[in-house]
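Here's the structure, in structure tokens; my notes come after.
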């Protein structure tokens, strides 16, 4: 008999997907250029040419049996070494290849990391606003996801609410900075305070508590933003990375787990990831893509357009009266909606203006809307009058 | 705290890996050409040139944002269509794209399929000898794997033992033909008998029972072998395929689930696979590899060397007195060991002759040994005197 659990899920739509599908439908009806689609976090700048050149060279020169051959479960050794070396060079860390596990993007990394450090019934804390797929990543392990409400004045951590949720069943804290959807980067002060609390609670509870740090937007940080390397502030830290956004390779599903070598179980956790992947049938990321990213490990796509778009949108929207915490990175911003009901506001802008935004409710933060400005700057500029109209129409809704 | 379950697993070695690692160690010591390594099922012929040409062309001509862009969770629509069309053309089926879910190899396909049709505590039956990774694939879902002992006279199905194991808790039967490790292909007669039994039991138990058919060796079938397309004989059938062996792309992790359109829940099961992949963080296989295999969907690497190697090994080994059921496909054969203790025999050939084989105990079929003859023919021929010596040395062991 088919599994009721998964069958039931197929009938439950995601709001993000619903708005994205509406945008696609409208694009088919009235032309893509007439739909102002800010729904999807899909990179809008091409991968750096060196990646393409590397793949072309490998396809031409390498023995296909090696190029397309089995990767070891933990990843190709030279690739794991390249990742460790890059992190050490850039962030003053001391990773070795034995601390690195290659994954299918940050999604795979988080799903593995949570399985490593929890057992069914344990608690994992995360902070609103957060990426809604955290729910299945945690649920799939049998652990329970607990949510700290957002500090909507800064989108840094709401520490009072965090302290209230902490208890001996908490085994991990899942954070995402730079953050989807707020665009905020946790400051050094925030990370130090978080680390200090967790160190104290580890002693109090008599067990380790891990920071699982979801960092796909690490390379997209804007000028003047304090952007600490989180693992350097806390020993029991597991960095979950994806090359999807930095290299504009979201479809190639490539990322890694990097376990802080100061964590006493670092090497064991990496070996455990290898065991976990056997259970999901997800043995290792594709060999050719592993080899390709290793060759361009310190490069990125030209990410400057995201900062340019942010600058325009932040300046113009705040001038229009939208309230917004200025993003420090990513390609998202998360203004307050002019009316409290973000769903109603976003449905209105979609139906009346073909301006498609995602309500903050999807990210456990009502009264806000997410703009994914990984679009052309021309589209951003053409959308500005619509944001102005939306503000006026919102006043009529009140 | 780290998960004891996965931590414990890191200390448990696989026998296959142990013998493979010994082969690598000896290769480093005495040179690869002096080690007769029959341990690993890694293809030994390159991918067809059309695949390489397709990737080269796409890298040159396609927009990198499309080429490397997100795949939908279920797979890229044009790729799913190409898979359905190919299966229909070749096997007279009526799949549509909606019956196809793209996966990371057969491993991902099986892990998804089992999660679709079982809940924790349900039983899944498989037949010895079998691929040992079936254990984690099934365990990971909470279902229980039950083993039908081998029919060592034919390596077809031991139906008497199968009938004894069947009970209302059985929700799926997991089969692998052409078979790793025996090399045997289930005959039309075997498949018809299996289908008839399951149809009767579905009525008796009042619920569906699925055949999950693991088919990575489907394209490696030798002359004169009866090789039915399993799903055409049973409606509730889920075909799990990998391009790893047919195209020699094991590292690129690409395969699919094809749910028989005659199964009443086919479309739902495909949607469920999409939900399941969210829980494991394994969202979809790499876009570029999906697009690449779709372009060469009916092609294979030049697989003829496997039949050539089989013909030499089968003829010569049986002449030497080894007892073996002749393989109908794959690149494996599974002779009886000359002494009952296969572990002792394989350790002896490894240590005394650098002839590295895998004991059948790994495949729940003691008294046998697996030869993976995906090697050069020259290596096969040079190994023949060692098999002869091994037979003599075995007699001294008795």
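The values are calculated or read from the model by the stated rules, or taken from the named source; none is laboratory data. A quick note: this is a predicted structure, and the numbers were derived from the prediction, not measured. Reconstructed Cβ throughout: ideal geometry from the backbone, glycine too, with neighbour counts over all protein chains shown.
If I ask for residues that are within 10 Å of chain A (Cβ to nearest Cβ), out of contact with any helix residue (DSSP H, G or I) (no Cβ under 6 Å at 6 or more places or on another chain) and touching a residue at least 24 places away in the same chain (Cβ under 8 Å), which ones from region B:115-128 would you list?
Scanning region B:115-128 gives B:117, B:118, B:119, B:122.
Which of (1) within 14 Å of another protein chain (Cβ to nearest Cβ); (2) under 26 Å from the mean Cα position of the chain (by Cα) does residue B:1 not meet, given it meets every other one?
Unmet for residue B:1, out of (1) within 14 Å of another protein chain (Cβ to nearest Cβ); (2) under 26 Å from the mean Cα position of the chain (by Cα): (2).
Is it true that residue A:274 is at pLDDT below 95, surrounded by fewer than 24 Cβ atoms within 10 Å (Cβ to Cβ) and touching a strand residue (DSSP E or B) at 6+ places or on another chain (Cβ under 9 Å)?
In short, yes.
Here are the criteria: (1) in contact with a helix residue (DSSP H, G or I) (Cβ under 7 Å, 6 or more places away or on another chain); (2) farther than 18 Å from residue B:198 by Cβ; (3) surrounded by 19 or more Cβ atoms within 10 Å (Cβ to Cβ). Tell me which single one residue B:155 does not satisfy.
Failing condition for residue B:155: (1).
Across region A:261-271, which residue is surrounded by the most Cβ atoms within 10 Å (Cβ to Cβ) among those that are facing another protein chain (nearest Cβ under 7 Å) and outside any loop (DSSP other than H, G, I, E, B)?
A:269
If you check A:190, A:225, which single one turns out to be buried (at least 20 other Cβ atoms within 10 Å of the Cβ), more than 27 Å from residue B:68 (Cα to Cα) and either modelled with pLDDT under 95 or not assigned by TED's automatic domain parsing to the domain that holds residue A:364 (or both)?
Criteria check complete, one pass: A:190.
I'm trying to understand the selection: among the residues of region A:30-61, which are at the interface with chain B (Cβ under 10 Å from one of its Cβ atoms) and either part of a loop (DSSP other than H, G, I, E, B) or more than 17 Å from residue B:58 (Cα to Cα) (or both)?
If the condition is that a residue be at the interface with chain B (Cβ under 10 Å from one of its Cβ atoms) and either part of a loop (DSSP other than H, G, I, E, B) or more than 17 Å from residue B:58 (Cα to Cα) (or both), then A:40, A:41, A:42, A:43, A:44, A:45, A:46, A:47, A:48 are the ones that fit.
Can you tell which of B:35, B:47 is buried (at least 20 other Cβ atoms within 10 Å of the Cβ) and under 23 Å from the mean Cα position of the chain (by Cα)?
Unique residue meeting the criteria: B:47.
Does any residue of region B:129-146 turn out to be surrounded by fewer than 17 Cβ atoms within 10 Å (Cβ to Cβ), within 14 Å of another protein chain (Cβ to nearest Cβ) and not in a loop (DSSP other than H, G, I, E, B)?
yes
Looking only at region A:83-109, filter to residues that are touching a helix residue (DSSP H, G or I) at 6+ places or on another chain (Cβ under 8 Å) and in a loop (DSSP other than H, G, I, E, B); which one of those is surrounded by the most Cβ atoms within 10 Å (Cβ to Cβ)?
Per the stated criteria, the residue is A:95.
Read through the list (1) within 7 Å of chain B (Cβ to nearest Cβ); (2) touching a helix residue (DSSP H, G or I) at 6+ places or on another chain (Cβ under 8 Å), then give the number of the only condition that residue A:254 fails.
That leaves (1) as the condition not met.
If you check B:84, B:107, which single one turns out to be within 19 Å of residue B:272 (Cβ to Cβ) and at the interface with another protein chain (Cβ under 9 Å from one of its Cβ atoms)?
B:107
Restricting the search to region A:225-238, which residues are away from every other protein chain (no Cβ under 13 Å) and either touching a residue at least 40 places away in the same chain (Cβ under 8 Å) or within 15 Å of residue A:41 (Cβ to Cβ) (or both)?
The answer is A:225, A:226, A:227, A:228, A:229, A:230, A:231, A:232, A:233, A:234.
Go through region A:71-82 and report how many residues are in contact with a helix residue (DSSP H, G or I) (Cβ under 7 Å, 6 or more places away or on another chain) and either outside the structural domain of residue A:283 (by TED's automatic domain parsing) or surrounded by fewer than 19 Cβ atoms within 10 Å (Cβ to Cβ) (or both).
Adding up the residues that qualify gives 4.
For region B:153-174, name all the residues that are within 19 Å of the chain's Cα centre (by Cα) and either at pLDDT below 95 or farther than 26 Å from residue A:275 by Cα (or both).
Hits for region B:153-174 are B:154, B:155, B:156, B:157.
In region A:158-172, how many residues are buried (at least 17 other Cβ atoms within 10 Å of the Cβ), touching a strand residue (DSSP E or B) at 6+ places or on another chain (Cβ under 6 Å) and within 14 Å of another protein chain (Cβ to nearest Cβ)?
Of the residues in region A:158-172, 2 are buried (at least 17 other Cβ atoms within 10 Å of the Cβ), touching a strand residue (DSSP E or B) at 6+ places or on another chain (Cβ under 6 Å) and within 14 Å of another protein chain (Cβ to nearest Cβ).
Suppose we filter A:210, A:205 for residues that are closer than 30 Å to residue B:4 by Cα, within 14 Å of another protein chain (Cβ to nearest Cβ) and in contact (Cβ under 8 Å) with a residue 60 or more places away in the chain; which single one remains?
Of A:210, A:205, the one residue that is closer than 30 Å to residue B:4 by Cα, within 14 Å of another protein chain (Cβ to nearest Cβ) and in contact (Cβ under 8 Å) with a residue 60 or more places away in the chain is A:210.
Can you tell me how many residues within region B:4-26 are within 11 Å of another protein chain (Cβ to nearest Cβ), free of Cβ contacts under 8 Å to residues at least 60 places away in the same chain and not in a helix (DSSP H, G or I)?
Residues that pass the stated criteria total 3.
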